[in-house]
Amino acid sequence: MKSNLISPFSINSHIMKKEESTRETFKLKKTANVTFNHPQHNHNENDVQKIYKIDSNKKSQALKETTSQHSDKDTSTRLSIKDWAKEDRPREKLERLGPAALSNAELLAILIGSGTPQFSAVDLMKTVMKTYKNNLNSLGKADIHELVTRFKGIGPAKAITILAACELGKRRQLEKIEERQDLGSATAVYNYMHPRMQDLDVEEAWILLLNQNYKLIKAESISHGGFTETAVDIRIIIREALLNHATILGLCHNHPSNNATPSSADDRLTLRVKKACDTMRIFFMDHVIICDGQYYSYREMGRL
């Protein structure tokens with residue numbers, strides 16, 4: 001008679017076979033995962049390095065494009081001097097306010113004429129002046145090679161222009177102050193004008209523009225006429241006086257006949273000039289008639 005009881009040995013044998021079966025199944029799955037992996041992940045070490053290198057190149061290119069876009073944006077938003085308000089442009093500013101109203105950088109910018117795509121001429125010269133501690137004397141000691149190699153946008157032509165300006169400033173300091181002729185009397189006017197008029201065979205009229213100390217600013221011929229008269233425009237006389245900042249005005253003309261006696265036309269001209277000068281608050285010093293060896297002065301004769 002067979003027994004229905006299962007021996008302990010049989011149970012153990014069954015458990016062991018089950019465990020071996022499980023291990024074989026796990027091993028098969030693991031091997032399958034390695035052998036039959038997705039093609040996207042089936043790369044060797046070289047392939048991985050290539051992929052990493054490609055990704056890095058893409059990132060670098062993207063960074064360059066972004067930087068370029070920002071640079072283009074900055075360049076496009078920068079205003080050149082011609083886009084500035086008219087009153088801020090160096091040339092117009094100098095014309096309106098005079099050279100003393102401009103900074104050293106603005107004056108140098110007028111000389112060099114242009115800057116770079118990144119910097120206007122004024123900004124470029126501000127950089128140059130800052131490098132030399134805003135001292136023109138220090139800038140003047142630089143040489144062409146130093147300026148060209150040290151500053152982007154400064155070529156040989158601009159470097160030469162800058163150094164030429166510095167040299168002119170230095171030479172101006174060495175020049176003596178110009179001695180201006182003193183024309184405070186009719187005799188002084190005659191001595192100054194006689195060499196210029198003694199050989200004329202027609203009448204000429206000249207104006208003498210003086211400062212408040214009777215020092216000559218400018219002597220200018222305003223009319224070249226005939227044997228006995230010359231036409232004088234009062235408007236030209238006053239315009240020249242104002243443009244040259246004269247506070248005292250003298251008038252003189254010659255008589256080729258060598259007769260110093262004034263004519264009635266000379267008297268009328270004298271009164272008209274005197275009236276115009278009074279209106280513009282300019283002191284009419286004298287009207288002197290120049291002849292060879294003699295003269296006639298309205299002031300000395302008490303007619304002014």
Take the solvent-accessible surface of the protein heavy atoms, probe 1.4 Å, and return the percent of it on segment 80-146 that carbon and sulfur atoms account for. 52
So between T279 and R91, what do we pick up on full extension, going 0.36 nm a residue minus the alpha carbon distance? 64.3 nm
How large is ³J(HN,Hα) for each residue in segment 146-151, as worked out from phi by the Karplus curve 6.51 cos²θ - 1.76 cosθ + 1.60 (θ = phi - 60°), to whole Hz, x for Gly and Pro? 5, 5, 5, 7, 8, 10
Accessible area per residue of segment 89-149 at 1.4 Å probe, in Å²? 59
If you line up the Cα atoms of segment 140-257 on their principal axes, what length do they span on each, largest first, in Å? 70, 27, 27
Sketch the reach of a paramagnetic label on L174 as a point 7 Å from Cα along Cα-to-Cβ, and name the residues of segment 123-146 whose backbone nitrogen lies under 15 Å away. 141
Over 25 Å between C-alpha atoms is what I'm after, so list which of K126/K158; K130/K158; K86/K152; K82/K218 land there. K86/K152; K82/K218
Sorting A241, N254, A219 by the position of each Cα along the dipole of segment 219-276 (Lys, Arg +1; Asp, Glu -1; all at Cβ), the one nearest the positive end of that ordering is A241
On the protein heavy atoms, probe 1.4 angstrom, tell me the percent of accessible surface of segment 242-283 carried by carbon and sulfur. 57
Calculate, for segment 190-297, the solvent-accessible area per residue in square angstrom, rolling a 1.4 angstrom probe over the heavy atoms of the protein chains. 52
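The values are calculated or read from the model by the stated rules, or taken from the named source; none is laboratory data. As the structure is a prediction and not an experimental result, all values here were calculated from the model. Note: ideal-geometry Cβ built from the backbone for every residue, glycine included; neighbour counts use all protein chains shown. The protein model used for the area step is the full one, side chains on, heavy atoms only, and it has no ligands, DNA or RNA in it. Shrake-Rupley method; radii C 1.70, N 1.55, O 1.52, S 1.80 Å.
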